[in-house]
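Single-structure report; data block below.
The values are calculated or read from the model by the stated rules, or taken from the named source; none is laboratory data. This structure is a prediction, so every number in the text was calculated from the model and none was measured. As a convention, Cβ positions derive from the backbone with ideal geometry for all residues, glycine included, and neighbour counts pool all protein chains shown. To get the accessible areas, we keep the full protein, side chains included, count just its heavy atoms, and leave off ligands, DNA and RNA. Shrake-Rupley method; radii C 1.70, N 1.55, O 1.52, S 1.80 Å.
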Amino acid sequence: GYYNHRFEMGGKSYRNYAFAWSQEDRVAFWVAYPLCKLYTNGNVGRTDAWALDPLLGENSAAPFGGYAGSYARGHQIPSADRQCCYEANAQTFYGTNMTPQLNEHNEKIWADLEAKVRGYANTSDTTYVVTGVIVSASSKKEKDSYGKSVTIPDAYYKAVLTYSKSSTMGTWNAAAFYLEHKAYSEKNVGKQHSMSVDQLEQITGMDFFVNLPAQIGAEQAAKLEAANPAESSVWW
């Protein structure tokens with residue numbers, strides 16, 4: 001199913017994130033969210049408000065005691081991306097936002113990618129992010145804190161679209177990043193981990209940023225999604 005969360009701040013309602021939930025795998029295939037200084041400015045820190053997702057109740061994964069072995073409770077939308085208020089941050093600790101992620105992956109190369117994306121957002125007017133997992137071929141399972149099976153992803157990815165009001169028409173840039181779910185010797189994300197949005201779409205079978213052609217035209221959107229981020233100074 002497809003779900004979304006909103007939060008209240010200063011008397012206004014804001015988008016937090018949307019996600020596609022797999023009841024069979026008990027993970028979200030993807031989590032999509034806007035990112036800008038509105039969300040990252042603040043000092044809420046980690047609320048650690050671990051909870052079942054109220055939209056799914058006990059059908060969502062139970063995140064309370066973590067996973068067994070060397071797996072962390074890996075956020076798809078990071079806690080650090082929602083520092084503006086308690087409610088926004090607390091929603092990142094729902095079980096539907098968690099996957100069993102190797103500690104070595106979660107705390108090193110993945111954390112570096114998360115920080116890079118926040119950097120892109122802080123130097124743009126708006127950034128749109130889709131974070132997701134590849135579970136279609138995975139037979140590996142781990143148990144959540146209720147003892148129910150959760151699929152361990154084979155890979156993680158991010159599709160990123162930025163917009164800056166730097167010209168009359170505005171400037172858009174798109175990139176994708178793909179990481180196998182393993183312990184990497186390197187701690188930092190490099191050009192070798194990047195690809196065009198088109199390439200990621202071929203891997204996942206999904207169409208990202210479906211509203212982009214209506215914003216900038218089909219031809220320009222196609223160019224953006226075909227662009228190789230390794231060749232652009234925007235990303236490095």
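Quick one: would you say S139 is surrounded by fewer than 16 Cβ atoms within 10 Å (Cβ to Cβ) and within 21 Å of S60 (Cα to Cα)?
Numbers: surrounded by fewer than 16 Cβ atoms within 10 Å (Cβ to Cβ): yes; within 21 Å of S60 (Cα to Cα): yes.
So S139 passes the test.
Sub-9 Å Cβ pairs linking a first residue in region 1-13 that is more than 21 Å from V31 (Cα to Cα) to a second residue that is surrounded by 10 or more Cβ atoms within 10 Å (Cβ to Cβ) and among the small types (G, A, S), at least 6 apart or interchain, are M9/A88, ordered by first then second residue. Checked across region 176-191, the condition of being under 21 Å from P213 (Cα atoms), in contact (Cβ under 8 Å) with a residue 60 or more places away in the chain, surrounded by 13 or more Cβ atoms within 10 Å (Cβ to Cβ) and touching a strand residue (DSSP E or B) at 6+ places or on another chain (Cβ under 8 Å) holds for no residue.
Which residues, taken from region 206-233, are part of a loop (DSSP other than H, G, I, E, B), out of contact with any Ser or Thr (no Cβ under 7 Å at 6 or more places or on another chain) and open to solvent by 40 Å² or more (accessible area, probe 1.4 Å)?
M206, D207, V210, N211, S233
Here are G42, G69: which of them is in contact (Cβ under 8 Å) with a residue 12 or more places away in the chain, at positive phi and surrounded by 15 or more Cβ atoms within 10 Å (Cβ to Cβ)?
G42
Of the residues making up region 192-214, those that are in contact (Cβ under 8 Å) with a residue 24 or more places away in the chain and either aliphatic (A, V, I, L, M) or more than 17 Å from D112 (Cβ to Cβ) (or both) are M195, S196, V197, D198, L200, E201, I203, T204, M206, F208, F209, L212.
Taking the conditions (1) farther than 29 Å from R26 by Cβ; (2) part of a loop (DSSP other than H, G, I, E, B); (3) free of Cβ contacts under 8 Å to residues at least 60 places away in the same chain in turn, G147 satisfies each one other than (1).
Any residue that is closer than 27 Å to H181 by Cβ, open to solvent by 10 Å² or more (accessible area, probe 1.4 Å) and not polar (S, T, N, Q) - is there at least one of those in region 6-14? No, region 6-14 contains no residue that is closer than 27 Å to H181 by Cβ, open to solvent by 10 Å² or more (accessible area, probe 1.4 Å) and not polar (S, T, N, Q). Is it the case, given these coordinates, that T131 is closer than 18 Å to W235 by Cβ, open to solvent by less than 20 Å² (accessible area, probe 1.4 Å), under 18 Å from the mean Cα position of the chain (by Cα) and not hydrophobic (A, V, I, L, M, F, W, C)? Yes, satisfied. Inspect all residues belonging to region 142-162 and state whether any of them is open to solvent by 50 Å² or more (accessible area, probe 1.4 Å) and farther than 19 Å from W21 by Cβ. Within region 142-162, none of the residues are open to solvent by 50 Å² or more (accessible area, probe 1.4 Å) and farther than 19 Å from W21 by Cβ.
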